[in-house]
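Below is one structure; the comments refer to it alone.
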Amino acid sequence: MGTAETWLILSHAFNMDGRAASQMITEKMPHLRARGIQPVIVSAVTGTSDPVLEHHQVLPLGPSGLRFDLRHLLRQRLRGGVGYRVTMGAISALLLPFYLAERTFIPLESQWSWLLPAYWTGARLVQRRRPALIYSAGSADPSHLAAARLRRRFGVPWLAEIADPLLYEGWDKSRMARRWAERIERAVCCEADVAVWYTEAALARARARHPELGSRGHCILPGAEPPAGPRRPYRRGERFVVAHFGSLSPTRNLGVFLDGVKDLLAARPERARVLEVHVYGSRLDPVTRAAVERLGRPEIVRVFGRLERDPVTGASGHDQVLVRMHEADALLLLHGTSPFCEEYIPSKLYEYLSAGRPILGLTWRNPQLDGLLRAAGHVAVPADAPGAVREALGALLERWERDELQDSGISSPHTVAAAVDRIYSLTRALATARP
């Protein structure tokens, strides 16, 4: 490979503000460019068109994918409101019969039909731009199938980056979805020149299913960008704020955490006057709502929802999130309790580590995640143990009362630059032949 290479990037969620899958690939672009790589992007229309890079945005073919992508596109263009609701209502009505048929006969994730448009656009770009590498990444698994087809047709080296495990123990989706996932994993393990997973467990289990993967498989932690510019020093406020950032669901919720809070307040009721739980990025799921009712103190849980771009300052939702993280007294990391979690590390962990604030992690059967937290001086407790939550939270609250929760002052080694260094070094060994 030369010193000024073109890489074709296939990633459905590229440049979507606030989406973890987007951050994992979008934040790599400046670091790749600094190494002499010229990225050419193929993505969905859900993100913002990149003002610097060559960026091709394509719609999926299926009705569920169209509905999903157009909803995000129209929200960007119409900023919500009546116009958005009317337009989206008309589109949904037109797509409804086709949507119902698709859901009945093709029970896959809505992005499945992005495969062919991504492949067609990618094929044109391979012929025109002659990239040195095809790099498939991110949330929508069809990007890997599109890359596999391009690899077969043109012979361009292929690097696949698997954000979430494709298959996992305790599969809870349809049989068709499993066959789809098996097809993608087989293509990645058998055909990719380099294959990257985000956890050691996911890599080990993929290699066990496909021994032919061999040394082409690697575990690389995606990392997070360190905060830009100087930050205001942390200062303790009048209330002890534990903040959670990210989605909530029946399998990843505040239920056990709030039960631990309830036990803590039962022993020390006066602490209810200073304790607050702030929730960003999601509404409360049913399990969490039930836990709030059991707690009996709904004022403790404050829901801020998703932070959107500030029209006055221009700060993105993600930028605002990083500020709120640094202002919190402690950060709550929810891992979940499904078998999927054994092979998964929340991407929010890396931003938490960069924020420098104390982290309380509720983790599930994942020694790698526990090790990352404890190695950095943070706390990991079982996600199904309210008693352990009560003890850990009580210890943090006591430190807060003594004003001992200052920033760690330690820079996280898990950065995007470090991840790109690993990826770049792996590509140096690939063949230099162009199609």
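A short reminder: the numbers here are calculations on the coordinates, not readings from a lab. Everything numeric here is computed off the predicted structure, so don't read it as measured data. Every residue, glycine among them, receives a Cβ derived from its backbone with ideal geometry; neighbour counts consider all protein chains shown.
Helix 63-78 and the longest principal axis of the C-alpha atoms of the chain enclose an angle of approximately 70°.
Annotation for L116 and S249: the two label points, set 7 Å from Cα along the Cα-Cβ direction, are 2.8 nm apart.
A straight Cα-to-Cα reach below 14 Å connects K173 with the aspartates and glutamates E109, E182, residues fewer than 8 places away in its own chain not being considered.
The overall shape of region 74-122 is oblate: from the C-alpha gyration tensor, with semi-axes ordered a ≥ b ≥ c, the ratio a/c is 1.5 or greater and a/b is no larger than b/c. Of all beta bridges that DSSP places with both ends in region 240-401, some 5 percent have antiparallel geometry.
Taking only the C-alpha atoms of the chain, the Rg (one decimal) and the largest Cα-Cα distance, Dmax (whole number), read 22.5, 70 Å. By the rule of a C-alpha distance below 30 Å, with chain neighbours fewer than 8 residues away ignored, the lysines paired with K28 are K348. Mean residue ellipticity, 222 nm, helices only, the chain: the sum of -39500 (n - 2.57) across DSSP H runs of n ≥ 4, divided by residue count and rounded to 500, is -13500 deg cm²/dmol.
Count Lys and Arg as plus one, Asp and Glu as minus one, and take only other residues whose Cβ is under 10 Å from that of A224; the net charge is then -2.
Exposure proxy ranking for W114, W180, W158, W171, based on other Cβ atoms within 10 angstrom of each Cβ and starting from the fewest, stands as W171, W180, W158, W114.
For the chain, relative contact order (Cα pairs under 8 Å, six or more residues apart, normalised by length) works out to 16 percent. Close amide H pairs (under 5 Å, H built 1.01 Å from N) link L133 with L8, residues at least 5 positions away or on another chain. Is region 240-401 best put as rounded, prolate or oblate by its Cα gyration tensor, with a ≥ b ≥ c the root eigenvalues, rounded for a/c under 1.5, and otherwise prolate when a/b is larger than b/c, oblate when not? In terms of gyration-tensor shape, rounded.
What do you get for the angle between helix 255-267 and the principal long axis of the chain? Use alpha-carbon atoms, 0 to 90 degrees, nearest ten. Compared with the principal axis, the helix lies near 10 degrees.
Over all other residues within a Cβ to Cβ distance under 9 Å of R294, the charged ones net out to -1, with Lys and Arg as +1 and Asp and Glu as -1.
Other residues lying with their Cβ under 12 Å from the Cβ of A388 contribute a combined charge of -3, Lys and Arg counting +1, Asp and Glu -1. Stretched out straight at 0.36 nm per residue, the stretch from L96 to D50 would grow longer than its current Cα-Cα span by 13.4 nm. Taking other C-beta atoms within 10 angstrom as a stand-in for reagent exposure, K173, K262 fall in the order K173, K262, fewest first. Give the angle, between 0 and 90 degrees and rounded to the nearest 10, that separates the Cα long axis of helix 175-191 from the longest principal axis of the Cα atoms of the chain. Value to nearest ten degrees: 70. Is the C-alpha gyration tensor of region 237-330 telling us rounded, prolate or oblate? Criteria: a/c under 1.5 is rounded; beyond that, a/b larger than b/c is prolate, otherwise oblate. It comes out oblate by the Cα gyration axes.
Ranked for footprinting exposure by Cβ neighbours inside 10 Å, fewest first, I134, I410, I91 give I410, I91, I134. Only beta bridges with both residues in the chain are counted; by DSSP, about 0 percent of them are antiparallel.
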